[in-house]
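Inspection log for the structure reproduced underneath, given as structure tokens.
The values are calculated or read from the model by the stated rules, or taken from the named source; none is laboratory data. Here the structure is a predicted model, which means the values were calculated and not measured. In this analysis, Cβ positions are derived from the backbone assuming ideal geometry, glycine residues included, and neighbour counts consider all displayed protein chains. Surface accessibility is based on the protein's heavy atoms, side chains included, excluding ligands, DNA and RNA. Shrake-Rupley method; radii C 1.70, N 1.55, O 1.52, S 1.80 Å.
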Amino acid sequence: EILVYARALSDAERKQVESYLALKHAGLNNAPPEESARGTKPLVTVPNPPPVQMFVPGFSVRELPVRLSNVNNVKYRADGKLVALGYDGKIVLLSDSDGDGLEDTAQPFWDRSTLRSPIGMALTPPGYGRGQGVFVAAKGKVALVVDTNGDDVADEETVVAEGWKELPHGVDALGVAVDREGNVYFGLGTASFTDAYLVDPATGKSRYELQNERGTILKVSADFRRREIVCTGIRFPVALAFNSAGDLFASDQEGATWLPNGNPFDELLHIQPGRHYGFPPRHPKHLPGVIDEPSVFDYRPQHQSTCGLNFNEPVRGGPTFGPAWWRGDALVTGYSRGKLYRTKLVPTAAGYVAQNQIIACLNKLAVDACVAPNGDLVLAAHSGEPDWGSGPNGPGRLYKVSYVRTN
């Protein structure tokens, strides 16, 4: 029942309304007699819920026995070691010392304070000429951190891209991926998520320019000498990843809270050169010359904050995660509401189409998930309240999800 008033009620009037509704609908607080007669019981909460609740049968969940600050990205190297990029800029290698299937040893790979608010990590390809390491998107730069002497400790940092005006908040450059030719792709967050058209208050004219690198996906050549805009209309592409077909995808953030029709929901995007992805959207005055490319999938309702994106592909030729028919699906984490999505993608003549399933939830902030060499899934989660979490120094958690049903 909804009651609408044309004015604010006084405290006395509000109490009268509440008493009226409580009396009128008193029966709703009691189980119907016919239900009780059939022996039904009210729903009760689980006293000790698992840290990760799978919604599909046949899975077990264990927490990794390591204590790290909040981890933003996880990926397995070809040698089976788990690489974890911390929100504090530190990179660690995790190993299983006792063979129980859980990484329990953390070894520093990069512990220098050179990476600010890193969000986005890609591993160097096997046999990479500059050394074994990682590409990292961070505030003010994209960097390559490598081990040049083979001792599993990074000793060299190379700036891949820099030179843009930093945003005033912590999110700046984010999401990074490397293609088969060694070109590096990364994203730059929009110049202003509250004023995407950058309207001049004096003239009323938009200062948003498609030629500006802000709010774009950028490509850096394999030799790091050339940089170009791939596409525009991006809000905050937290993760970038190539699928097995070599197509680039990104997770992008909802923005309609601040701009009507500007990314109404969190999105999964198929990144294609020359396209404009709708933030800011086409506008008859401020931005008339673009066509807004639709997303492949929208994650609803609002404020799911899709972050992590990896594809369910084998590591070192091993199995994929879950049933065999999950192979190739996008594994996406919803940060703010603790969701793990499995999004199936099918290419068609008109582009990719998608079908989505929520396969797990947790009471922490799910930030990334990657497939292990044995087909398990490692899930990284932040601590703290929805939307913001506990920051770079907050305690993080890593979980391993195993598929135990094989028939």
Next item on the list: Starting from the Cα-Cα distance between H169 and V153, subtract it from 0.36 nm times their residue separation and give me the gain in nm to one decimal.
Entry: 2.7 nm
Next item on the list: Treat each spin label as a single point 7 Å out from the Cα along the C-beta direction, and report the D96 to T257 distance in nm.
Entry: 3.9 nm
Notebook entry, point to check: Ordering F297, F109 from largest to smallest accessible area (1.4 angstrom probe), what's the sequence?
Noted result: F297, F109
Next item on the list: Just subtract the alpha-carbon distance of S19 and R226 from 0.36 nm times their residue separation and send over the number in nm, one decimal.
Entry: 67.5 nm
Check: Roughly to the nearest percent, how much of the accessible area of the range 146-234 is carbon and sulfur, given a 1.4 Å probe?
Finding: 46 percent
Checklist line | Carbon and sulfur %, accessible surface of the range 247-371 computed with the full protein complex present, 1.4 Å | finding: 55 percent
Next item on the list: Subtracting the Cα-Cα distance from 0.36 nm times the residue separation, let me have the gained length for Q357 to S60 in nm, one decimal.
Entry: 105.1 nm
Next item on the list: Could you provide, to the nearest whole Å², the per residue accessible area of the range 214-351 with probe 1.4 Å?
Entry: 40 Å²
Item checked: Solvent-accessible area of R130 with every protein chain in place, 1.4 Å probe, in Å² to the nearest 10 -> 90 Å²
Item checked: Within the chain, helix-based [θ] at 222 nm, where runs of 4 or more DSSP H residues each add -39,500 (n - 2.57), nearest 500 -> -1500 deg cm²/dmol
Notebook entry, point to check: Kirkwood Rh, Cα Rg: Rg to Rh for the chain?
Noted result: 1.04
Item checked: Phi to ³J(HN,Hα) by Karplus 6.51 cos²θ - 1.76 cosθ + 1.60 over the range 204-211, Hz, x for Gly, Pro -> x, 9, 6, 9, 5, 10, 5, 7
Notebook entry, point to check: Hey, what do the phi angles of the range 260-269 turn into as Karplus ³J(HN,Hα) couplings, whole Hz, using 6.51/-1.76/1.60 and θ = phi - 60°, x for Gly and Pro?
Noted result: x, 6, x, 6, x, 9, 5, 10, 10, 10
Check: Under a 5 Å amide H to amide H cut-off, with H placed in plane at 1.01 Å, what residues pair with Y277 once short-range neighbours are removed?
Finding: T232, G233, I234, E293
Notebook entry, point to check: How many Å² of accessible area per residue for the range 72-143, probe 1.4 Å?
Noted result: 36 Å²
Checklist line | Solvent accessible area, Å² - S117, 1.4 Å probe, full protein context | finding: 30 Å²
Notebook entry, point to check: Can you pull the accessible area of S402 for me, 1.4 Å probe, Å² to the nearest 10?
Noted result: 10 Å²
Next item on the list: Can you bin the range 261-407 into rounded, prolate or oblate? Criterion: square roots of the alpha carbon gyration tensor eigenvalues sorted a ≥ b ≥ c, rounded for a/c under 1.5, prolate for a/b above b/c, oblate for the rest.
Entry: oblate
